[in-house]
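What follows is a short report on a single structure.
The values are calculated or read from the model by the stated rules, or taken from the named source; none is laboratory data. What you see is a predicted model, and the numbers here were worked out from it, not measured in a lab. Glycine also receives a Cβ, built like all others from the backbone with ideal geometry; neighbour counts cover every protein chain displayed. When the accessible area is computed, the model is the full protein with side chains, heavy atoms only, and any ligands, DNA or RNA have been set aside. Shrake-Rupley method; radii C 1.70, N 1.55, O 1.52, S 1.80 Å.
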Amino acid sequence: MVIQRQHLCRVVVTILTILSVGNTQAAAPVLTGRWGDTRLPLQLISNCDSNRTQALVVVTFSTICPLAKRLVPQLNRLQAQYQADGIQLVALFPNGIDDLNEIATYAIDTQLTFPVYKDDLDSPWHEQLGMKTTPSVVMLDVRNGFDVQTVVYRGQVSGQWFGGGASNEKQNYLADALASFVKDEPVLLTETAASGCAIAKRARRDLSSYENTTYYKDILPLLQDSCISCHRSGEPGAELFAAFDSYETVAAMSDVMLSRMENRLMPPWHASTDPHNGLGGFKGDVRLSDEQIDLFRAWVKNDCPAGNDEDAPAEPTWPFSDAWRIGTPDFVFQMPEPYVVPKDRLDEYQFYRVAANFPEDRFIQSIEMKPGNKSIVHHMGAIIGRSSLEAQSANQALLKLYGLTGDKVKKIGDYIPGDPFNARTYPKGYALKLPARHDLFFEMHYTPTGEEEEPDLSQLGIVWADQQPEHVIETKVFNRKDIRLRPHMQHYEKQSYYQFSTDVLIYALAPHMHFRGKDFTLYKLENPGTPDESRVLILKIPAYDFNWQRTYEFVKPLKLKAGDVLFSVAHFDNSHFNPNNPDPEAFVRFGLLSEQEMLNMRTKFERVELEDK
């Protein structure tokens, strides 16, 4: 839940409609950030008393330019050195071939610490700044407001050039300009000739094989396969954007749809893995192929021809939104009483004991958590705990079920909006275990809407396994609580190591952060701490989005020997560059509430004895 404070950072938001360069007039560019957020260049400036931008340093980048990559360490050092002086670096990606996912991935792979933005294709900012190559730099004095005419320095970052020359201390052009600026001294060298890769703002693609694409023959089947399950009446995509229920609607929305597809924002999928790590990728991967995007691109380019409606595929039969996706449950656990969320309260946690207390172990073939009122249920979890009649407050239940570090918790199910893993049927021979003499605890995270809402009465549906399974699936949650995010921190890093006491097969992973989460990368380390240590990429989320949390299930399970390690690197952004951030001026610590911060990883695993030790 976004919390408004009286003394929130006030960022300049006055809309600038005309920018001038020389004698030319151009519309204000609209830049796009890693999450798909948009802003004008003047919105890059912070006017907070505690974090006032003095100079804006724009550096052009390309995901394929080798010189730009070599300059990243130097630029990171300059950002760190001059952060307290109000110097802000921004990475601008002007090439049309670079999509947002590639840009965010590039930032992780090169360890780029300052904000990244994709340039405006129709009103390019790099052209208004007179930038023609990657890399090149323009430094603007913004002490008296944003103005593209107040150029302090323009040209090369340093003496490194496209031909491979080395930099030396006499050719640190940008560093020298920054040093003079913060001392309020004249910059002696205000312009150099930039050297690098020529900017190509438009990507050239051969779409000749898609010339006969029509809506009914080609586009509608694509939408049915990849979009309409969410973009239909009663589902979130229709409420937040549009229901793709007619040619007229899709044609009218086609430009926006194409932009979201090209930048890999839709369909929503945020992770990648190494295709050579033996896991076979992810189950349920909804990403469009390059060919599918080209199909839609060609259709839009050809002015969205409808074609013959007789070519349309049959309309799918969609399930009712309130139907059980696991089929009819054998057993339904329900909260003991409805809960009414006060409309003026902050987001909160409630715990409910739901009696099970079976005399024997039970095994669960299918499980699904169903919120009673989706508008107020942020997420919910089903936790196993020993049966007891002891009355407990929410804080007492939290401590008893999670322990001091949070690693004690034993979950069997979750509900997180948008995660297909909410309803899970395990293959024959695989099941979850509900131990004898244990109860279930509903962990409910509510986010009031500010309006009178219907009471929540959430449920958990279960289909029992017909026999004891050969493979018992468990859940392990790894937590970090040592989170300390200072106000306006753009790139806060936490490294974590995860180990199991036995050999395991890991079937699925779910990283979790809150609003300030920026990216998450997970590796498998074999023989850690030895000369034979090796690192394999398991999961990379270059633009973590609190609104799109997902459990990532592998096609083939990840084998992890006892003693081997999972190693993660996560970054947080507590600055005004993060569009999800409720308050850049807050000092943020660990906490359960959304405006606080978390870092955990849920794993679905099986204890095994691996043969290839």
Check: So how exposed is I97, as accessible area in Å² (1.4 Å probe, rounded to 10)?
Finding: 100 Å²
Check: Any idea what angle helix 72-82 forms with the longest principal axis of the chain, computed on alpha-carbon atoms, 0 to 90 degrees, nearest 10?
Finding: 80 degrees
Item checked: In nm, spacing of pseudo-spin labels at T249 and Y349 (7 Å Cα→C-beta vector) -> 3.9 nm
Check: With every protein chain kept in the model, how would you rank C65, C197 by accessible area, 1.4 Å probe, largest at the top?
Finding: C197, C65
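With 27 Å as the limit, write out which pairs from K118/K301; K118/K604; K428/K559; K343/K370; K301/K518 have Cα-Cα distances beyond it, or answer none.
Among K118/K301; K118/K604; K428/K559; K343/K370; K301/K518, the Cα-Cα distance tops 27 Å for K118/K604; K301/K518.
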Next item on the list: Report the FRET efficiency, 1/(1 + (r/R0)^6), for Q468 and V569, where r is their Cβ-Cβ distance and R0 is 41 Å, rounded to 0.05.
Entry: 0.55
Check: At a probe radius of 1.4 Å, what is the per-residue accessible area of V151, in Å² to the nearest 10?
Finding: 50 Å²
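State in Å² the accessible area per residue of segment 263-372; use a 1.4 Å probe, count heavy atoms of protein chains only, and round to the nearest integer.
On the way: 6070 Å² over 110 residues.
Result: 55 Å² per residue.
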Checklist line | Virtual spin-label span in nm between N357 and R484, 7 Å along Cα→Cβ | finding: 4.6 nm
Notebook entry, point to check: Looking at segment 349-461 from every direction and averaging, what is the projected area of its Cα convex hull in nm²?
Noted result: 8.0 nm²
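Using a 1.4 Å probe over the heavy atoms of the protein chains, calculate the carbon and sulfur portion of the accessible area of segment 476-612 as a whole percent.
On the way: 2260 of 4920 Å².
After summing per-atom areas, the C and S share lands at 46 percent.
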Notebook entry, point to check: Which order do S289, S136 take when ranked by solvent-accessible area (1.4 Å probe, heavy atoms of all protein chains), largest first?
Noted result: S289, S136
Item checked: Test item: Cα-centred dipole of the chain, Lys/Arg +1 and Asp/Glu -1 on Cβ, debye -> 1760 debye
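Count the net charge of all other residues whose Cβ sits under 10 Å from the Cβ of D120, scoring Lys and Arg as +1 and Asp and Glu as -1. Please report the intermediate quantities before stating the final value.
Numbers: positive: K118, K201; negative: D119, D122, E127.
Charge balance in the 10 Å sphere: -1.
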Next item on the list: Mind checking which lysines have their Cα closer than 18 Å to the Cα of K400? Skip sequence neighbours fewer than 8 apart in that chain.
Entry: K408, K410, K411, K476, K481
Notebook entry, point to check: Given the protein chains as shown and a 1.4 Å probe, how many square angstrom of R484 are accessible, to the nearest 10?
Noted result: 120 Å²
Check: Label points 7 Å out from Cα along the Cβ direction at K556 and E291: separation in nm?
Finding: 2.4 nm
Note to self: Leaving ligands and nucleic acids out of the surface, order T53, T530 by accessible area at 1.4 Å, largest first.
What the structure shows: T530, T53
Next item on the list: May I ask you to list the aspartates and glutamates whose Cα is less than 15 Å away from that of K132, ignoring any residue fewer than eight positions away on the same chain?
Entry: D119, D120, E191
Item checked: Correct option for Rg/Rh (Cα atoms, Kirkwood Rh) [calculated from the coordinates] among [x] 0.99; [y] 1.15; [z] 0.95 -> [x]
Margin query: Helix-only estimate, please: 222 nm mean residue ellipticity of the chain, summing -39500 (n - 2.57) across DSSP H runs of length 4 or more and dividing by its residues, to the nearest 500.
Written below: -4000 deg cm²/dmol
